[in-house]
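Shown next, in structure tokens, is the structure this report addresses.
Bear in mind these aren't lab numbers, they're just calculated from the coordinates by the rules spelled out. These numbers come from a predicted model, not from an experiment. When we count neighbours, we look across all protein chains shown, and the Cβ atoms used for this are built from the backbone with ideal geometry, even at glycine.
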Ligand SMILES: [Cu+2]
């Protein structure tokens with residue numbers, strides 16, 4: 001398993017946290033997700049054989065949030 005912490009901007013409330021959590025958990029290979037609002041970030045544990053960091057990032061961006069470069 002791989003652990004990754006992704007900074008996220010654009011989350012403003014608990015609903016945003018739930019949205020990000022849900023889109024990440026929906027991806028194959030994602031074992032656990034912990035999203036916090038302050039600071040805005042997602043800690044993800046995932047199987048790197050099934051999903052890539054780029055796919056995690058794309059899922060967050062597709063949900064309407066941003067990953068600062
Ligand atoms: Cu919100």
Output for Cβ contacts, cut-off 8 Å, separation at least six or different chains, first residue within 12 Å of the ligand (Cβ to nearest atom) in the range 2-17, second assigned to a strand (DSSP E or B), reads 8/35; 8/41; 8/42; 8/66; 10/66; 11/35; 17/35; 17/36
Residue 54 meets each of (1) at positive phi; (2) away from the ligand (no atom under 16 Å from the Cβ) with one exception, condition (1)
Just the residues that are surrounded by fewer than 16 Cβ atoms within 10 Å (Cβ to Cβ), in contact (Cβ under 8 Å) with a residue 12 or more places away in the chain and in a loop (DSSP other than H, G, I, E, B), please, taken from the range 30-55.
37, 39, 47, 48, 49, 50
Just to be sure before I move on: is residue 66 away from the ligand (no atom under 16 Å from the Cβ) and more than 9 Å from the chain's Cα centre (by Cα) in the structure I sent?
no
For the range 1-21, enumerate the residues that are loosely packed, with under 14 Cβ neighbours inside 10 Å, touching a strand residue (DSSP E or B) at 6+ places or on another chain (Cβ under 9 Å) and more than 14 Å from residue 67 (Cβ to Cβ).
1, 3, 18
